[in-house]
Amino acid sequence: MDEIISIFNKRNPLSKEAKLSLLSLLHKRGYIKSEIIQPTGSQCRTIYFVTHGITRIFYHKDGDDVTEHFAFPGDMIIRAESLFTGQPTQKGIQAISDCELISMPAQPLFDLFIVHHDLERLFNKIFIDAYVATVKRVESLQFKTATERYLELAQHTTWLNQIPLKYIASYLGITQVSLSRIRSQIRLG
């Protein structure tokens, strides 16, 4: 748990009291490859941080499995539309590889914001960064080519070779055949 507290402290220093309160909410758990962390159709009540492995947010549309988001070590993963509205969502969270996550129940965390304003500032920064990343993702889909989106994903992580091609293709909004062509063109220079 010290690892996540250290990451948080770099973003926004926490008082000793805030750290102790936060530690009381944190739970570490491992998931095996392909395990569903949060099923589709459920309400998100938990905030997760990936400490090892890869996870994804996914949904089903017209019989297709669509990947919306990848989370790598150090990343937060939540279904924000459900967490902040209290409504169930058609999106789920799945482990792509064996992974380890630190989880915290959202409402008890939000309750701590009243007492520990440094925690509130920390999570405000985290949620703003996640929002900005979502906006950039939408803009990437709107304005960049599939090749540019692939290269952008490749720059973000060293884990790319561990993600099944079908997930990468759906994340990029292309077919696996198109992804294979892009990868071949990149290899050839």
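The values are calculated or read from the model by the stated rules, or taken from the named source; none is laboratory data. Because the structure is predicted, anything quoted here is derived from the model rather than measured. All Cβ positions, glycine included, derive from the backbone under ideal geometry; neighbour counts span all protein chains shown. To get the accessible areas, we keep the full protein, side chains included, count just its heavy atoms, and leave off ligands, DNA and RNA. Shrake-Rupley method; radii C 1.70, N 1.55, O 1.52, S 1.80 Å.
Structure above, values below:
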{"read-out": "Residues of the range 29-45 with amide N under 20 Å of the 7 Å Cα→Cβ point at residue 68", "value": "34-45"}
{"read-out": "Residue 152-residue 52 pseudo-label distance in nm [points 7 Å out on the Cα-to-Cβ vector]", "value": "3.2"}
{"read-out": "For the chain, built as a Gaussian network whose Cα springs stay under 10 Å, the top-fluctuating residue of 71, 106, 154", "value": "154"}
{"read-out": "Residue 134/residue 97 FRET efficiency (R0 22 Å; Cβ-Cβ; nearest 0.05)", "value": "0.45"}
{"read-out": "Within the accessible area of the range 7-129 (1.4 Å probe), percent carbon and sulfur", "value": "53"}
{"read-out": "Principal axis dimensions, the range 1-67 - Cα atoms, whole angstrom, descending", "value": "49, 23, 20"}
{"read-out": "Computed helical MRE - 222 nm, the chain, DSSP H runs ≥ 4 contributing -39500 (n - 2.57), nearest 500", "value": "-14000 deg cm²/dmol"}
{"read-out": "The chain - convex hull of alpha carbons, volume per residue in Å³", "value": "122"}
{"read-out": "Among 33-45, 85-97, the order from most to least packed when residues are scored by Cβ within 10 Å on average", "value": "85-97, 33-45"}
{"read-out": "By average C-beta atoms within 10 angstrom, highest first, the peptides 166-172, 112-118, 57-63", "value": "166-172, 112-118, 57-63"}
{"read-out": "Radius of gyration and maximum dimension Dmax of the range 121-189, Cα, Å", "value": "13.9, 47"}
{"read-out": "Residue among 179, 20, 101 with the largest mean-square fluctuation in a Gaussian network model of the chain, springs linking Cα atoms under 10 Å", "value": "20"}
